[in-house]
Structure formats: structure tokens, C-alpha cells
1. On the basis of being touching a strand residue (DSSP E or B) at 6+ places or on another chain (Cβ under 9 Å) and either crowded, with 22+ Cβ neighbours inside 10 Å or modelled with pLDDT of 95 or more (or both), does residue B:283 make the cut?
2. Answer with yes or no whether residue A:89 is of a type in the set (Lys, Arg) and either at pLDDT 95 or above or not in a loop (DSSP other than H, G, I, E, B) (or both).
3. Could you list all residues from the range A:348-366 that are more than 8 Å from every other protein chain (Cβ to nearest Cβ) and under 11 Å from residue A:394 (Cα atoms)?
4. Could you say which residue among A:757, A:727, A:736, A:809 is touching a Leu at 6+ places or on another chain (Cβ under 7 Å) and either more than 24 Å from residue B:243 (Cβ to Cβ) or at pLDDT 95 or above (or both)?
5. Give the range A:451-480 a look and list any residue that's polar (S, T, N, Q) and either modelled with pLDDT of 95 or more or buried (at least 17 other Cβ atoms within 10 Å of the Cβ) (or both), or say none.
6. Which numbered condition in (1) within 9 Å of another protein chain (Cβ to nearest Cβ); (2) assigned to a helix (DSSP H, G or I); (3) in contact (Cβ under 8 Å) with a residue 12 or more places away in the chain is the only one that residue B:210 fails?
7. Which of the numbered conditions does residue A:171 fail, given that it passes all the others? Conditions: (1) over 19 Å from residue B:59 (Cβ atoms); (2) at pLDDT 95 or above.
8. Taking into account only those residues within the range B:216-248 that are part of a loop (DSSP other than H, G, I, E, B) and more than 8 Å from chain A (Cβ to nearest Cβ), which is surrounded by the fewest Cβ atoms within 10 Å (Cβ to Cβ)?
Amino acid sequence: MITNRTVTRCGTIPVGLLLLGASLCAMAAEPAKDQPAKDQIDPAVAELTQLSSFFELGAGWVSDDSFKFGEYNGLQDKGVYGVGSFDLRGGARYDSSDTTRWRITGTDLGLDTRAITAEYGKQGKFRLNLAFDDLRRNRSDSYQTPYLGVGGSVLTLPAGWVVPTVPVLSATSPNARGLSGAVASSSALVGGVLTAPTPAQLATSSALIAADLPLFRHYDLYTKRERFEVGGSFLLTPKWELAITARRENKDGTKPMGSVSRSTGGDIAAILADPIDQTTDQLSASVAFHSHANSLQLGYYGSKFSNNIASLTWTNWAQPATSMTMSSAPGNQAHQLTLAARHDFTSKTRLVVTGSYIRNTQNAAYIVDATTPLVPVPSLDGLVVTKAFNLKLTSRPRRNLSVDLGYKFDERDNRTPVRTYAYYDANDAASATPIDAAFSAALGVPATLLMSNVNVNASRPYSRRLNELTANADLHFGATQALRLALGSQDLHRWCDGSWIDCMDAANTKEHSAGLEWRASPNPRLNARLGYTYTRRTVDAYNENAFLALVPLANVSPSTATGGESAYSFMLANGWNGFGPAAGYALTTGNMNLFFPLNNALANSTYQNGNRISELLGMRRYNMADRNRDRVRGSLDWEPGEHLSLQGNVDYHQDKFPDSRYGLIDARDWALSLDGTYTFSENMSLTLFATHEDQRARSNGNTYVTNSAATSVNGNTIVSGGCFATIALRNASNKIDPCLDWSTDMGNKINVFGATIDRKNLRASHLDVGAQLVVSRARSDNAVAGGNYSNSPLAVATAPPGTIAAYYIPAAPLPTVVTDSLELRVNARYALSAFSMLRLQYIYGDMSSNDYAYQGMQIGGLSGVLPSMETAPHYIVHVVAVSYAHRF
Amino acid sequence: MNILKKRAPWLGAIMLGMGFAVANAQDAAVADRTLAGDQVCTRCHDETVAKPILAMYKTPHGLKADERTPGCQSCHGPSVAHVKNVAGSGKRRTPPDVTFGLHGASDASVQAGVCLGCHEGGKRTLWMGSQHESQDIPCAGCHRVHIAADPVLTKATQPEVCFACHKTQRAQAHLISTHPLAAGKMGCTDCHNPHGSTGPHLLVRNSVNETCYTCHAEKRGPFLWEHSPVTDDCTNCHTPHGSTTASLLKARVPWLCQECHSGDHGAQVDSGANLQDGAFTTVDGINPLANAAARAQLAARACLNCHVLVHGSNHPAGAKFQR
């Protein structure tokens, strides 16, 4: 939510911090204790050794509005802004008998990115600090919506809103593309005939466009974080230290967010302005003991997240009489105790042990309405206990040998009870038919409470426990070379307490790694390192039935089943997963026809879910799949002369998933960086760098649909392309049709170039000039192979014989997504005196990008998604700032 | 003694780098941490040297009233041969007992030993055996103690220090989707503890998720409907240093989602054929505009048009992350 304190460009600075700043400024006017008056000090000496302060004031100008250019730097608005910063330091001199020092800083005071810090302390005794930090993040400056109430938690459509349709296609089906005059006036295939819109249809379109388009209004979507921090550390004795920090962060604003509603004919979506009004409070405190051979630290960390917006309600743009509500992130809190202990057995052998216990709770009230007929409790009463333990033993048994052994235990134990809920999708109206009586009985609810289109899902509180061992050894060969051997073994167990069936695809994974690195420094001007690590992750038994944890009725025998079979038991009896038999069409009867009709995948009606949630046979989720990982890292630093230094770095990373037929198959990423710096003189240097990164990921899928006995499309039988010539063959072969396999080959090619040049002491040592240039070019491609069938819109009942019934539509590569950016920064400082200077800053920012995803946000783009008019970032911005800085 | 009244002796009294404590007890016995002790060094090292060091007296390392404050010799050792101007094997002056820097200096372990003599504990408890320690990265590889403001301790300038070695991350920080590193509103140490940690990748907390939750507490839950990869590891889907895809995603949606979801509409192939100008239906090669809607799972926010709350939902009807 945008509040008054954020609407102005420069905003406000917290009063408390201003008072603190004023106090500290006042202190600056007084010589510190034991500090000689300034006129006693040689200015040159003072310049070199004494604390000094400075302030900078000026003005800047931004040539153009651009949220992306100003995404994080506060320079999003065209026009003039204030330049202001200061760094005030005071307190004891280096040779004083006092140790009191203070400092207060401010940066970006004229922008929404301002920060102020203050410190006060007696070195060796205590230190107090305060901080305020603004961070604005721009989300979209092209967003448009007809909804009223943006910024709030209830969004409504204006009174004049007309549900958009494309009348030539349907007079009643909502269709957001009807907002486009071009779409509405174009001919359409209707019943297999290319049909031009009638005058009446055109008039309808014109009327709705005239009514709706003016209702779209532009809103700037951005969020802003305001962070306040206060803390202190106290050296109680030379060996005991106490530290405490409290931080509050308020985050408010709006960001774009999708939303879905059920409408006649399917789901429709709208990009809404999601209101943000959140507060996160954090407190950390620690007491630490430290001696030569031992240290001990006991700490507390608490984090409380509060959300002042519990939900977002919006009107269905396709059915304005209805609205629906989405939950916002629930308030939660976490409290952590940590203990860290170190003991040095000898000067060369050390043991460090750390432990941590976190209690994370959440109990926000549920949002319930007519779409949630079965909600067993009013709130989650969620509890996650996270325990961590680390042990690290390091030793240097010989001067040239170091070894370390580590053990890590990290457990996230979600103790939230599993409960079963029933709901209708996206504000769907309940059907008139009750669910299977056996299901109602199993749930213990009245037979007429839940209707056939209800989803019955059980929660899955995910837990995981990691046990990891590491062993590393470094062996130095003389002063110039070293080898490092690193071994690791990891055991990860995942589970859901209380779930009726194992909820995890991979309940147990093991990962072993071995790495070797060579380092060499034959002389001070040449340093090289090259390392290789191989990691293999194996899954004890990938569980393709884990999805059933969501649908407990899969373990209940429907009243229509025989022999008490449930979906789960029938699967087990046949040795199938949810995909069922990898077979073509066959007429089925009895339980087979109930659970896997016509050899199709497990019927979602038998587990009472609106969607088929079983996965493909051979699908492996990549974070839990068998994986072989190779990683190479290398670098070379070379200084061929006093003036030149060169660096090269290479990173290579490859993951292969050998047992994954579907899902992510492999991913590879390599990057090469070259840097060079030439120092012409003490006053001039030039640095150039270039990085090329090549990322690639390949995945497989299959776009199977259900087998059927249908032999034609409105009497038309011919399939063009694909693996089967007729509709009958195609429909009988959906689960075995190789033409339904598809694959993606996603790649990013990134080139980043940079140059930095600094020239100092120009114009009789008055002028320093520097410039930085960064050019970034990114290309994202996706070569999709495979395809799917699509029934021809011409295959109508009246079509002439020989009409193609369906086409096999080969997949096509996606358009290249391009992002090019350039940023040039030039800074010049002209010294007016030893204590003052003029500073000139110039920034040139240039970004051009295209992304086909934005097509779907435009009018005429998607039929089921209300356009938000957002556009791909593009800007050319000049910034000029002039300021006066004074040091004192 | 008010050395400021005599500039030359004063300059002589201020010298050489002063990191922290002594390397060992023997050095401590002979090191003189006072200004008089510093004077041994400053006879030669005055402000005209290539790397001026006098600004150190503006820093905590120069505040002599703090009895923990070191002198030149505390860190560099008594350096007797160096002081006596003894030529070393390369016919140059024998260097101080301990020299600091990334290359051509004392062993990294020796340098670290000096610094840790005072700065042991706290965030540095796990330095031994950490990634940087094992890579022979000395403290002075990142820290500059002879100047008034160490760049690595300032959020705005810290990334450039880290990027000196982590060049791939430097490039990623200039992509279209990033954290606010380049804007100076976030430092690498907001997420990483370069001195060693119990978490992976030197993260400041025990795990990736714990680290992310320090700023993104709204993602912490626990939620009624959890999304398994989210509770597992944020980096299953996100790449934190920069991405070509919004929200720092590792890959574009819908394909990122389809790497795990192959059921129902997750099974469908989404390709250029499903864009508005794609050949997803064919009528003599022409697709009438009125029929040519792109597929919603492919355009705009793709899967996230509808499945909005992928980090978890607390709505009783939110199992599909729609509410």
C-alpha cells in the first residue's frame, strides 16, 4: 500500500534520525577530549591523519522517465533531483588518550534510495549504531488496468465495464481479445467457414471497446522497503562481548500479480496490482567469549513477519457479478537459538562446533467462503522446527599439509498436522451431483456437502534431514604449488509426517563428491589454479506415486469399485504408477474401466481432484533425480610487467540426469572471463574486461492426451503429418505415440564487456576524471522439437470428403529474447581548494529488449487473460549531476 | 609527546601498515605498538610512498588509546633485517617479516595468523578450512587497512572487490533481472560470509532458505500448501546473482515448471507454434486473426498467470497455488 510517506519523490527522513544527526553534528563543533585545537595542527598532517568530514550538495537532472533504468537507483523519474550526501566523523584523534569516536553518514538524500547511518562508541568498550535505509524497487511503469481500488485489497470493476467478447466467434463467451478492434473486425473461422463479422457484431464490438478501453488506467507499480536498525556491541571484558541488533523493515507498494477465476468455458486470468503492506521485525543478540584457545558464542535471532493485508479480492472481469479472494502471505515468526564453540587443541588443531534450533510458527486465520466447504480448522497452527549441527575439525599436522573434517546435520521438521480440505477451483460453482458416497463417508461429511467437481486435498508438510560429511586435504609442494583433495558425502532424507502415503518423489538421496584442485604460483607475477569436482547423486528409489499424498481419497474404494479396490491398491496390484499402462486404446471393463479407462492415465475422478496430477512414466523432478555433476574452475593471474596485469577465469558446470526420461535431462553452463589492467602512470589506468557465458538446459516432455475410440472429427478421418494417418489410429495410440514426445533446448548466450579508465591530477592536479562503461548483451533461445495434433477448424460435418481432420503441428523455436544494455558513467572532480571540490557526474543508460511474453499482455493477445499493457523494458536516459563537496 | 609540533618526527612516527595483533607470542615480546615503535618504520615510509598509509590513523587500527590497537611491528613483525636495510637475495631490501597482499607476499596462513590474532571469533570462527582460506586467499586479498575506508566494508563498493575474482557473478549482475548490487543497495555480505560459514556457498546462515528468509520472510511460512522445491532450496528455481529471466529464475516459464510437472496441462508442448503468429492451426497456411489467440500458458506470465502463489498458499482452496 502506498502511504503518504512514500508518495513524494524525495520522501521523508525519520525524525529520530534527523535528531540524532543534529546531535552528532553539534558534537562535531566541539573539539574532542584531548584533541588539540585545529589551529595547532599542521594542515598537511591533519589532512593525512585526522578524522575529517564532508558534505556534498547539488542537483541532478534525469532526461526521461524509466522504471527499469531506475529500478533500484531511485532515478526513475524525469526531472530534477537533489544530490545530497554527507559523512561526518568526530571523536578522538589517533594519539588521544580517549577512544570515543562517532560517525554519521547520509547518501542519496534526494532520492528514494537514501540511507543514513550513525555510530557512536568508545573503541574497546562499546559501539552503538543506528541506520535507516530506503530501497525502492520499480516493478512496472507501463501497467494498465480497469480495476478500481489499486493499492487496496479490494479491486472492483467500474460500473461501465462490459464483458469483452469477439462476437463473430461467440456472442456470449468472454474473450479479452475482443478489446482489440482489429481482432473484432477480422473474419473468423466459424463452423469451418471463414466468416466476416456482421454489422451488428461490429457494432457490439465497437460499443464494448468504447466502453472498456477508456476504463484502463495507468498505474506505476513499485515497492519500497524502509529499514530501520538500531544496535550496539559492548566489550564487557577483554574476553566477553555482548551484541544486540534490532531491525524493522516496512515494505509497501504494489506489484503485478496473476489471478485466475472460473468462467463459463474455462478459466480466465487478470494481472492485478497486488497490494503490499508488510512489516518484518528482526532481533539478534549474542554474547560471546573469546580467549586464545577457546571461543563460545550464544546467540538469539528472532524474525517476525506481519502482513497488514490478509487477502486480495477482485471482481471477475468475465462475470462481474462475482468476485473471488486470494490469500496473502500469512504472518509468521521464527525464533532461533545458536551456539558456537571453538577449541584449539594446539596452535595447529582446531575444533568448531555449532548448533542451531529454530522454531517457526504460523497461525493466520484462514479465508473461507462458499468455495471451501470443508475446512477442518480455522487456522493452520503450523510449526516447523529446524535443527542444525555442524562440526569442523581442522588441523595442520605438517607445515605443508592441512586437513579438515566436517560434519553437518540440518533438519527441517515440519510438525504441522496433515489435514484434508475440500474446495472448488477458482470460484467454480458446485455441481449438482454429490461426490461418491464412499468418499463422503471416508471424510465423515454429509453426503450432500461435497459435489462432484470438488477437490479433496490433504496438506503435505515437507520435512528434510541432511547429514553430510566432508574431508579436505591441502598439500603444498614447496612454496610454488599446492594440491587440494576434497571429498564429500551427503545423505538427504525427506518426508511428510502424517501423510497417508510417502509424499516425496525421492525419500532418500545420496550424494558423493570428489574434487581435485591444483594451484601454482611459480613467481609472484604468475598464479594459476585449476580444479575439477565430480558429484554423483543417487536416489534410493524414485517414488512415482508420491503425488497421491495430495489426494487421500485415492486410498478409498469408490462405491462403484469392486473388491474394495481403491485407486492406489489397483495401481499397486497392476504394478503401475498414475500414468497406468503404457499401451494403446483398449476397451476396458470393471475396475480397469473405473481407474484406467481405455488404458488412460489414472482417472482423477477416482481420487477426487479437478486435474490429473499423475506424472509421465519416467518423469524425474530434477531436484530429486539421479544426477552426475561435473565442475571445472580455473583462473590465471599474470603480471607480465609492472604496468600490466591480466586475468583469465573459466567456470564450467554440467549436470546430467541419467535416469530422467522426462523432465530436465541435462544442464550446462560455462563462462570465460578475461580482464586486463594497464597502468600508464600513477595518474592513469585502464581496465578492460569481457565475460562470455553460455547456459544451456534441455528437457523432455510428452503431450499425451487420452486414448479414445473416436474415429473421426465430425466425420473427417485423415490426419496430416504426425505418426498416424487416421484419427482412429491416433486416438488409439495417445500413450504410445512417439510424435507426442517433445523436447526443449534452452540457451542463454551472454556477453558482458566493461572498461574503466581513471585519469588523475589533470589541470595542475585539480582535476580527476574517471569513466566506466558496461555493455551487456543477452540472447535467449529455445529450440522446441516435437509437436502435437490439432483438430482442423475446417473439419466440420459438412466438409467435403478428404478434408483433413487434424494436423500434426510441429513445434517451432521461440523467438529470440534479446536484452541489450549499455551504461556509461563519467565522473569528474575538480578541486577548488584543498577542502572543496566540484563534482560532475554523467550517466548514459541505454536498454533495448524484446520478449514474446509481453505479446500476451497486449490488447488482442490472449483470449483468457485481461491485458495489462506491460511492455518490455526499453530506455535511453541521460543523467547529469553537479554538486559541491566540502571537507572539513 | 606531542609529535604534531615536529612534523618530520611525526611523519616518522606514523608508518607502515598495521593490521592487527602479533603473529605469535615471540613477536609480541619485541613488537612496539606505540607511536615511538611506529617511528622505526616511518623514518623511511612517509606519505610520499606509492601506497600512502597515514590514513590508517583515521581508522580503528590507528587509535592508540585502545590498548588493543596494533603498531606497525605488531603486524609486520620487528623486521630487523628490513630496518637495517639488509639486501636480500634479489639485491633488494629484505622485506619486512610479514608482508600482506594477494600475491608476492607472506603465506596467506601467516597473514591470516596476524589478523586473527585479534580478530579471531565472531564471524571468523569458521575461517580455518573455509573456501577462501583453503584457496590461500589472505585477509589483505580483500581488505585494505591502510586507507581511511576499506572498500570491502562499504556496501556500494564491496561487490567490485568480490568481483575481482568472481567474474561470472560480475557479468550476471548486469543482466536484466538482478538483486540491487549494482545500485549499491545490497552487498555480497548480505548473503555471504566470506570468512567461513556453516551454510553452503559461504552463506550467512545454515541453509540457502534461511539466508533468503532474512529479507524475504513472507516466503518462510509454513504454509498450508507447501511447494516441495521451495521448502527444499530456493535455488532450485532461482539464480541469485542475475538472470535473463524475470524474478531471477533459472529458466523461463513454462518450461521451468514443466521440468517437474508433466500432468494435465503441464504435459502440453509450448513452442513458437503456440504464439499468436504461430502455425498452431492451419488453414491454407493462414490463421485468421480472430482465431489466433496465443496460448495463455506460454505468454504474459505463463504458468504464473494462474498459479500465482508458487511459494506456498495459506488459503484452504490454494492447493494449486491459485489462491
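The values are calculated or read from the model by the stated rules, or taken from the named source; none is laboratory data. Just so you know, these numbers come straight off a predicted model, no measurement behind them. Note that we place each Cβ from the backbone using ideal geometry, even for glycine, and neighbour counts take in every protein chain shown.
1. Details: touching a strand residue (DSSP E or B) at 6+ places or on another chain (Cβ under 9 Å): yes; either crowded, with 22+ Cβ neighbours inside 10 Å or modelled with pLDDT of 95 or more (or both): no.
It is false that residue B:283 is touching a strand residue (DSSP E or B) at 6+ places or on another chain (Cβ under 9 Å) and either crowded, with 22+ Cβ neighbours inside 10 Å or modelled with pLDDT of 95 or more (or both).
2. Details: of a type in the set (Lys, Arg): yes; either at pLDDT 95 or above or not in a loop (DSSP other than H, G, I, E, B) (or both): yes.
Against the criterion (of a type in the set (Lys, Arg) and either at pLDDT 95 or above or not in a loop (DSSP other than H, G, I, E, B) (or both)), residue A:89 qualifies.
3. A:348, A:349, A:351
4. Working: A:727 fails: touching a Leu at 6+ places or on another chain (Cβ under 7 Å); A:736 fails: touching a Leu at 6+ places or on another chain (Cβ under 7 Å); A:809 fails: touching a Leu at 6+ places or on another chain (Cβ under 7 Å).
Residue meeting the stated conditions: A:757.
5. Filtering the range A:451-480 down to residues polar (S, T, N, Q) leaves A:452-453, A:455, A:457, A:459, A:463, A:467, A:470, A:472, A:480.
Passing the criteria: A:452, A:453, A:455, A:457, A:459, A:463, A:467, A:470, A:472.
6. Against the list (1) within 9 Å of another protein chain (Cβ to nearest Cβ); (2) assigned to a helix (DSSP H, G or I); (3) in contact (Cβ under 8 Å) with a residue 12 or more places away in the chain, residue B:210 comes up short only on (3).
7. For residue A:171, the failing item is (2).
8. Keep residues of the range B:216-248 that are part of a loop (DSSP other than H, G, I, E, B), which gives B:216, B:220-224, B:226-227, B:233, B:237, B:239-242, B:244-245.
Among the residues that remain, those that are also more than 8 Å from chain A (Cβ to nearest Cβ) are: B:216, B:227, B:237, B:239-242.
Working: B:216: 15, B:227: 21, B:237: 23, B:239: 19, B:240: 19, B:241: 18, B:242: 25.
Of everything passing the filter in the range B:216-248, B:216 is surrounded by the fewest Cβ atoms within 10 Å (Cβ to Cβ).
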